[in-house]
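The structure appears right after this line, and notes come after that.
The values are calculated or read from the model by the stated rules, or taken from the named source; none is laboratory data. No experiment lies behind these values; they were computed from the predicted model shown. Positions of Cβ are backbone-derived with ideal geometry, glycine not excepted, and every protein chain shown enters the neighbour counts.
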Amino acid sequence: MGKVFVEVIAVHDIEGKIRPLSLKWEDGRVFEIDRVLDARQAASLKGGGCGMRYTCRIGRREFFLFCDEGRWFVEKK
């Protein structure tokens, strides 16, 4: 298990909140994030590291997207 680092397009609002809009997978495919369900400080139990954890939905799939010191990743299964 580990991390897969991804490129993320995100909106930064004037209050300092960050909302991810899309991510680019390691093979080059781009996925639009349909909805951010939750955002909180949390640790990645599978990949290690700590930062903001975004619970996101793309289609019917929910997953955790992490931002750790400006680097974005998802947990590898």
Exercise. Name the pairs whose Cβ atoms lie under 7 Å apart, with the first residue in the stretch 16-30 and touching a residue at least 40 places away in the same chain (Cβ under 8 Å), the second among the β-branched types (Val, Ile, Thr), and 6 or more positions between them or separate chains?
Worked result: Pro20/Val8; Pro20/Ile33; Pro20/Val36; Leu23/Val6; Leu23/Val8; Leu23/Ile33
Seminar exercise, completed: The residue that is surrounded by the fewest Cβ atoms within 10 Å (Cβ to Cβ), considering only those in the stretch 6-17 that are under 16 Å from Cys56 (Cα atoms) and at pLDDT 95 or above, is Val11
For this session: Output the residues belonging to the stretch 28-59 that are over 10 Å from the mean Cα position of the chain (by Cα) and within 15 Å of Phe73 (Cβ to Cβ).
Result: Phe31, Ala42, Ala43, Ser44, Leu45, Lys46, Gly47, Gly48, Gly49, Cys50, Gly51
Exercise. Can you name every residue in the stretch 29-59 that is at pLDDT 95 or above and part of a loop (DSSP other than H, G, I, E, B)?
Worked result: Arg29, Ile33, Asp34, Gly59
